[in-house]
Amino acid sequence: MTEKNGKNVIHTEHLKKYYIMGDIEVRALHDISLDVNYGEFTAIMGPSGSGKSTLMNILGCLDRPTGGLYILDGTDVSSMDDSQLAEVRNKKIGFVFQSFNLLSRSSALENVMMPLLYSRNKDHAKERAAEVLDLVGLGSRLGHKPKELSGGQQQRVAIARALINDPEIIMADEPTGNLDSKSGKEIMQILISLNQDKGKTILMVTHDPKIGRQVPRVISVFDGMIGTEEEQEIIKNWQNPDFLNVSGLKKPDSASVSLKKEQINPNGNGKMKNEAKETVSNPFSDTFGTDDNDLEEEEESSAADALAEAFGNRKKVANEELPAGKQFLVNPIKGNEEGKTA
Ligand code: ADP
Ligand code: MG
């Protein structure tokens, strides 16, 4: 299933979100045009502060754009008022947050029933809530309060809450960010199953390249704008050990893979131009540990493994298809110029 009535589930044109802070205009999002098909599993990736959460909040109808068009499931939601937006959100979107956002004094069952307070369809509320909790493996924890559950279980309650109104789309902002790798893998398996078995559209923010390179589609965001296709590839493969090990070469040091911001963001907005010469060796360096840690963690069972099992290691396959001399080793954008090919 890709399109319904010839439409995408998400269609945006030139979305903008500007904040005024005193005399300064903060361009959190600038000119975002994208389409997401029904049933797609998509990751939104980018450095800290690039606008991922702002974009998710607008796509999730938690916030309104400053300008531009947003068509959600065939309905123009760009200029809806708060109550209209709340209704659309309740009906079409289930949101999962990094920090779970559960009510601490309410049971799992009560937390999952919360969205029904604002819903027109309150029939069989308890039964439906119990059913979705059972779906995420918590059928025997209905009366537990959040503090009586592990982090992974709390996130499963949050996923059940997101499912209670049977939404078209699940949006998750760093859903495994606060979890250990085993719980992260379980959460990812649930999201994958919702996508593959129930046909839900999944949109997920992550800054973890291990996750991003396994997701069928990645939308990269730099300084509030969508990256080009080449930039998307860099983001997906930035720290892919397979990608770096094809020739037995060691991972290059950061100096040899550094990119100028003007290359990452060739159409940079005004804010960018002032710092166009700034060099960034790793677009995610401020949001996750050192490269070496990242390689070591590869052994662990993680959220990325769940995705790899579900969708396959797409880049590995792609690289194996390339003739030996043509495999990218250092920097797919700069290629021979700065890096080398085997
Ligand atoms: P990310 O999720 O990629 O880390 P955000 O979407 O949270 O990034 O933020 C993008 C940019 O917008 C940042 O520069 C941030 O400081 C700014 N920003 C986000 N929310 C607000 C707000 N409510 N007021 C002012 N600036 C904001
Ligand atoms: Mg964020």
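On the basis of being of a type outside the set (A, V, I, L, M, F, W, C), out of contact with any helix residue (DSSP H, G or I) (no Cβ under 8 Å at 6 or more places or on another chain) and either within 16 Å of ligand 2 (Cβ to nearest atom) or not in a strand (DSSP E or B) (or both), does S106 make the cut? Considered against the rule, which asks whether it is of a type outside the set (A, V, I, L, M, F, W, C), out of contact with any helix residue (DSSP H, G or I) (no Cβ under 8 Å at 6 or more places or on another chain) and either within 16 Å of ligand 2 (Cβ to nearest atom) or not in a strand (DSSP E or B) (or both), S106 comes out as no. Here V112 fits the description: buried (at least 18 other Cβ atoms within 10 Å of the Cβ) and farther than 23 Å from Y38 by Cα. Counting only helices (runs of 4 or more DSSP H) that sit completely within the range 121-217, those holding 1 or more residues that are under 23 Å from the mean Cα position of the chain (by Cα) and surrounded by fewer than 21 Cβ atoms within 10 Å (Cβ to Cβ) correspond to 125-135, 151-163, 181-196.
Here the condition is being within 12 Å of ligand 1 (Cβ to nearest atom) and closer than 17 Å to L203 by Cα; of T54, T42, T12, it holds for T54 alone.
Of the residues contained in the range 59-70, none is found to be in contact with a Ser or Thr (Cβ under 6 Å, 6 or more places away or on another chain), among the hydrophobic types (A, V, I, L, M, F, W, C) and in contact (Cβ under 8 Å) with a residue 60 or more places away in the chain.
Every listed requirement among (1) modelled with pLDDT of 95 or more; (2) more than 16 Å from ligand 1 (Cβ to nearest atom); (3) not β-branched (V, I, T) is met by Q84 save one, (1). Looking for something within 21 Å of the chain's Cα centre (by Cα), under 29 Å from R156 (Cβ atoms) and within 13 Å of ligand 1 (Cβ to nearest atom) - is there at least one such residue anywhere in the range 96-111? Yes, the range 96-111 has at least one match. Here R120 fulfils each of the conditions (1) more than 30 Å from G184 (Cβ to Cβ); (2) touching a residue at least 12 places away in the same chain (Cβ under 8 Å) apart from (2).
The values are calculated or read from the model by the stated rules, or taken from the named source; none is laboratory data. This structure is a prediction, so every number in the text was calculated from the model and none was measured. Please note: Cβ atoms are built from the backbone with ideal geometry, for glycine as well, and neighbour counts cover all protein chains shown.
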